[in-house]
């Protein structure tokens, strides 16, 4: 990441092993192929907030290692698009939150140049956004056309049972035991989007470690009510 003197650490939990792929198996398999250098181009993935887009982009980069770079565009929307210069030297570039710079002429032209540079030399590009390429408010026709060549996947939101299973998978990845009844309790007492649920699980992990307690309903209730 020599072009970016910025902290771009990947989250330690953002790996494929901690992502519940139910309903999104084809996308997960594609991203693994992209990370392994098997896929030829990359892909575009889209979905509503908190459906796992950032997790999957970071997991793809984690699997690819130093051959890749992850760029959270939402964090740099107020910066100069010059930060994209030189990224095509990486075999894999993952751009998150493209919506945040769509419609801005300087960013769109820089993105068009980057896409051309990556794909023309056989690199791979993965983009996450809240909508498909032709619905993402990109103004530059050439950029829309270029990005529309990527395979497009829509993330399927998790249902109630899958959200509980996703929480338990994340907990196991962190070395925690999250009983079924506690997972259901969390779903009934917290905001139901996965980002909020994962943030609460992180907090419970810290509190359980500090208190040397298991994630029982009484303990979880006490932590939540302490806010």
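The values are calculated or read from the model by the stated rules, or taken from the named source; none is laboratory data. Predicted, not measured: the structure shown is a model, and the values here were computed from it. When we count neighbours, we look across all protein chains shown, and the Cβ atoms used for this are built from the backbone with ideal geometry, even at glycine.
Per the listing 170, 210, 203, the residue uniquely farther than 27 Å from residue 70 by Cα and not assigned by TED's automatic domain parsing to the domain that holds residue 78 is 210. Taking the listed residues 195, 182, the one that is within 19 Å of residue 56 (Cα to Cα), surrounded by 13 or more Cβ atoms within 10 Å (Cβ to Cβ) and not assigned by TED's automatic domain parsing to the domain that holds residue 56 is 195, with no other qualifying. Where residues in region 88-107 are assigned to a helix (DSSP H, G or I) and crowded, with 21+ Cβ neighbours inside 10 Å, which of them is nearest to the chain's Cα centre (by Cα)? If we take residues in region 88-107 being assigned to a helix (DSSP H, G or I) and crowded, with 21+ Cβ neighbours inside 10 Å, then 98 is nearest to the chain's Cα centre (by Cα). Where helices (runs of 4 or more DSSP H) fall wholly inside region 153-227, the ranges with 1 or more residues that are under 19 Å from the mean Cα position of the chain (by Cα) are 160-173, 194-211. Scanning region 118-142 for residues that are within 25 Å of residue 38 (Cα to Cα) and buried (at least 18 other Cβ atoms within 10 Å of the Cβ) turns up 118, 119, 123, 124, 125, 126, 127, 128, 129, 133.
Yes or no, residue by residue, for (1) in a helix (DSSP H, G or I); (2) touching a residue at least 12 places away in the same chain (Cβ under 8 Å):
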| position | (1), (2) |
| --- | --- |
| 117 | yes, yes |
| 122 | no, yes |
| 127 | no, yes |
| 134 | yes, yes |
| 138 | no, yes |
| 145 | yes, no |
| 150 | no, yes |
